[in-house]
Amino acid sequence: MAKQTYQPKAKKKKTTHGFLSRMATKKGQDVLKRRRQKGRTRLVI
């Protein structure tokens with residue numbers, strides 16, 4: 001039987017979707033800007 005596709009890892013989640021990784025690139029900063037404009041209480045995971 002095949003295993004599930006989502007195998008959660010805390011480190012992977014942080015390094016891929018965390019605040020510092022978002023701030024590291026211009027596109028990531030654009031993501032945060034859009035989420036602030038939209039009024040998200042949580043900017044990142």
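Odds and ends about this structure:
- Of all residues in the stretch 12-45, exactly one satisfies the criterion of being β-branched (Val, Ile, Thr) and touching a Ser or Thr at 6+ places or on another chain (Cβ under 8 Å), namely Thr15.
- Here the stretch 1-29 is the region considered, the condition is being surrounded by fewer than 13 Cβ atoms within 10 Å (Cβ to Cβ) and hydroxyl-bearing (Ser, Thr, Tyr), and the residue that is farthest from Ile45 (Cα to Cα) is Thr5.
- Residue count for the stretch 35-45 under the criterion of being of a type outside the set (S, T, N, Q) and exposed (fewer than 11 other Cβ atoms within 10 Å of the Cβ): the result is 5.
- Within the stretch 30-45, the set of residues being of a type in the set (S, T, N, Q) and farther than 20 Å from Lys13 by Cα comprises Gln37 only.
Since every read-out is calculated from the coordinates, none of them should be taken as a lab result. Every value quoted in this text rests on a predicted model; they were computed, and no experiment measured them. Every residue, glycine among them, receives a Cβ derived from its backbone with ideal geometry; neighbour counts consider all protein chains shown.
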